[in-house]
Amino acid sequence: MANHKSQFKRIRQNEKRRLENRYWNRTMRNSIKKIRMTHDIKEASANLPKVISLIDKVAKKGIIHKNKAANLKSGLMIKINRMAS
């Protein structure tokens, strides 16, 4: 248990950041899932720039690693390219 004033503040900050990180992570995963589950090439291509932007934002905030972001974007591009051919 916290014994110092600064420790109470740190607990409050950590909780706030944890909730924010969970929100962004869940939002990103839902948007990725939406593209992966679609079978319509036009819909997937239209949503791709938004999802890639969201992945970049999450990586920039430090919620996911930049290499994971690159792997996710690569996987989405492969999926859409396979749908096109």
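The values are calculated or read from the model by the stated rules, or taken from the named source; none is laboratory data. Quick caveat, the model's predicted, so the values are computed rather than measured. Every residue, glycine as well, gets a Cβ built from its backbone with ideal geometry; the counts of neighbours run over all protein chains shown. In case anyone asks, the SASA skips ligands and DNA or RNA and just uses the protein heavy atoms, side chains included. Shrake-Rupley method; radii C 1.70, N 1.55, O 1.52, S 1.80 Å.
Rounded to the nearest Hz, the phi-derived 3J(HN,Hα) couplings of the range 54-66 under the Karplus curve 6.51 cos²θ - 1.76 cosθ + 1.60 (θ = phi - 60°) are 5, 4, 4, 5, 5, 5, 5, 6, x, 6, 10, 6, 5, where x marks glycine and proline.
Only Cα pairs under 8 Å and 6+ residues apart enter the sum, and on that basis the relative contact order of the chain stands at 30 percent. Considering only the Cα atoms of the chain, their convex hull presents on average a projected area of 6.4 nm².
In plain terms, the chain from HIS39 to LYS9 could stretch by 6.0 nm, reckoned as 0.36 nm per residue minus the Cα-Cα distance.
SER53 label point, 7 Å along Cα→Cβ, cut-off 20 Å on backbone N: hits in the range 1-42? It comes to 23-36, 42, nothing else. Rounded to the nearest 20, the size of the Cβ-charge dipole of the chain about its Cα centre is 440 debye, with Lys and Arg at +1 and Asp and Glu at -1.
Taking 7 Å steps out from each Cα toward its Cβ at ALA46 and ARG26 produces label points 2.7 nm apart. Looking at the chain, the accessible area is 79 square angstrom per residue; that uses a 1.4 Å probe and ignores ligands, DNA and RNA. Give the carbon-plus-sulfur fraction of the accessible surface of the chain in %, rounded to a whole number; probe 1.4 Å, heavy atoms of protein chains only. Of all accessible area on the chain, carbon and sulfur atoms account for 53 percent. Where only DSSP H runs of four or more residues are counted, the chain gives -30500 deg cm²/dmol as its mean residue ellipticity at 222 nm, each run worth -39500 (n - 2.57). Say the dipole of the chain comes from +1 at the beta carbon of Lys and Arg and -1 at that of Asp and Glu; which of ILE55, ILE11, ILE32 then lies farthest toward its positive end? Looking along the dipole axis, the top candidate is ILE11. With N the number of residues in the range 1-44, Rg(Cα) / (2.2 N^0.38 Å) evaluates to 1.98.
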